[in-house]
Structures are given as structure tokens and as C-alpha cells.
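Shown next, in C-alpha cells, is the structure this report addresses.
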Amino acid sequence: MKVSKKSDYALRVLVYLAEHYGKGPISMRTLARHHDVPYRFLQQISLQMREEGWISTIQGREGGIQLAKDPEEITMGEVVRAFDGVLAPIGCVSITQYESCSQEMHCKFRRTFLEIRNHTAQRMDQTTLRQLTTCIPLSPHEVFGIHFKDGAGI
């Protein structure tokens, strides 16, 4: 599974808004600049975030966007599904966007992809915006550690 830019940008902004929950609106230009999100793209995804009920917008000089729900009520799974549709790595293990495959009855790796889908969905559905505000950013060593050499873990 690869998360789209829409999901990535939405999560960046939503986590930041969760960190500032209850402190008033933040301008879209500030959010775009601070999180390296193209302003016009942020305008587009903010419309969808508002439709989902995650943010509210306030017009005017002191306006901007803010979370409309408690950060504990919004999960990573919700956000990624809203922008990307599915969490399944292949279509034949997707519930909402299932795609049949001629090899389903004989496939030796489909079960592994189903387990990956289930683990990913469970983990993302259990992770709230509030929890993400306390996460410590990864170090390069954690991403490119010695145990991931020669393509392992990529």
C-alpha cells in the first residue's frame, strides 16, 4: 500500500490542527507553508476534510481552519480511506473495491496480502490524531537501519 499525496498532506495538516486543538483557527497559507503543502492543493483537500466533518473554516482576517471534532475521534484509517479509498495492497483482498482474479482459488500469496490488509487497517483504525500528536519523528537510522540492507524492509 502506498499512501497518496492527498492522504499525506491531509494527515500533516490534521495532526498539526490536533496539536493546536481548541486554540482557534490557523490560516491556510500558514498551514501550507509550514507543512510544505501546495496552497491550491490544500484548498482542494480542505473541502473534502470539511465534508467529512473533520474541520471547520472561519472566514475573515482572523479566519482559517480548525478541527471540528475532538482529535480522539478521527483516525488515520478514516483519513486514508477518505482520500485513497482502500487500505488493501491488492484488489482481490479489498472489501470495498474488490477486484476478482482468475487465480484466487490457487493463489499462494493472497493470504499474506489479506493479513497485511487486516494488520494495516487495524493499526490505522486504532491510531487517532491525538495519539499522533505525541509520536516522536523517526530517525534516519530507524528507516535505513542495518537490518534493512539489500532491499529487505523496503
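No lab work stands behind these numbers, since they all come straight from the coordinates. Since the model is a prediction, treat every value here as computed from it, not as a measurement. Please note: Cβ atoms are built from the backbone with ideal geometry, for glycine as well, and neighbour counts cover all protein chains shown.
Kindly provide the helix-only [θ] at 222 nm of the chain, computed as the sum of -39,500 (n - 2.57) over DSSP H runs of four or more divided by all residues, to the nearest 500 deg cm²/dmol? Could the numbers behind the result be given before it?
Values: 7 runs with 70 residues, N = 154.
It comes out at -13500 deg cm²/dmol, rounded to the nearest 500.
Give me Thr120, Thr30 sorted ascending by neighbouring Cβ count inside 10 Å, so fewest comes first. Walk me through the intermediate numbers first.
Values: Thr120 17, Thr30 12.
By the 10 Å Cβ count, ascending, the order reads Thr30, Thr120.
Quick one: among Val13, Val143, Val37, which has the greatest mean-square fluctuation in a GNM of the chain with alpha-carbon springs under 10 angstrom?
Val143
On C-alpha positions alone, give me the angle between the axis of helix 110-126 and the longest principal axis of the chain, in degrees, nearest 10.
Once rounded, the angle reads 20 degrees.
Suppose R0 equals 35 Å. What FRET efficiency, 1/(1 + (r/R0)^6) with r the Cβ-Cβ distance, do Gln97 and Tyr21 give to the nearest 0.05?
Values: r = 32 Å, r/R0 = 0.92.
So the FRET efficiency works out to roughly 0.60.
Once you have the alpha carbon radius of gyration of the range 74-131, what is it after dividing by 2.2 N^0.38 Å, with N set to its residue count? Please list the in-between numbers first.
Details: Rg = 12.8 Å, N = 58, 2.2 N^0.38 = 10.3 Å.
So the Cα radius of gyration is 1.24 times the expected 2.2 N^0.38 Å.
For the chain, what is the per residue volume of the convex hull drawn over the alpha-carbon atoms, in cubic angstrom?
Values: hull volume 21.6 nm³, N = 154.
Once divided by residue count, the hull of the chain is 140 Å³.
With no solvent and one point per C-alpha, what does the Debye sum give as log10 I(q)/I(0) for the range 5-71 at q = 0.15 Å⁻¹?
With one equal scatterer per Cα and no solvent, log10 I(q)/I(0) is -0.38.
Which of Cys92, Cys135 comes first, and how do the rest follow, when ranked by fewest Cβ neighbours within 10 Å?
Numbers: Cys92 16, Cys135 9.
Least to most surrounded, the residues fall as Cys135, Cys92.
To make sure I understand, if each residue's beta carbon is the centre and we count other beta carbons within 10 Å, what order do Ser46, Ser100, Ser94 fall in, fewest to most? Intermediate values should be presented prior to the final figure.
On the way: Ser46 21, Ser100 8, Ser94 17.
Going from least to most buried by this count: Ser100, Ser94, Ser46.
Grab the Cα-Cα distance for Phe41 and Gln59, subtract it from 0.36 nm times how many residues apart they are, and report the gain in nm with one decimal.
Values: separation 18, 0.36 × 18 = 6.48 nm, distance 1.86 nm.
Residue separation times 0.36 nm, minus the Cα-Cα distance, leaves 4.6 nm.
Any chance you could give the angle, 0 to 90 degrees and rounded to 10, that helix 5-19 forms with the longest Cα principal axis of the chain?
Around 50 degrees separate the two axes.
For the range 33-93, which GluC sites (Glu not before Pro) are both in a DSSP coil and crowded by at most 12 other Cβ atoms within 10 Å? Could you put the intermediate results ahead of the total?
Numbers: sites: Glu51, Glu52, Glu62, Glu72, Glu73, Glu78; in loops: Glu52, Glu62.
Filter output for the range 33-93: Glu62.
Between Lys23, Lys108, Lys69, find the one with the highest GNM mean-square fluctuation for the chain; connect C-alpha pairs within less than 10 Å.
Highest fluctuation of the listed residues: Lys108.
Assigning unit charges at the beta carbon (Lys, Arg +1; Asp, Glu -1) and nothing else, what dipole magnitude in debye, to the nearest 20, does the range 1-134 show about its Cα centre? Spell out each step's value before the answer.
Details: 18 positive and 15 negative charges, 78 e Å.
So the dipole magnitude of the range 1-134 works out to roughly 380 debye.
For the pair Val3 and Glu51, what calculated FRET efficiency results from E = 1/(1 + (r/R0)^6), where r is the Cβ-Cβ distance and R0 = 25 Å, to the nearest 0.05?
On the way: r = 20 Å, r/R0 = 0.79.
Once rounded, the FRET efficiency stands at 0.80.
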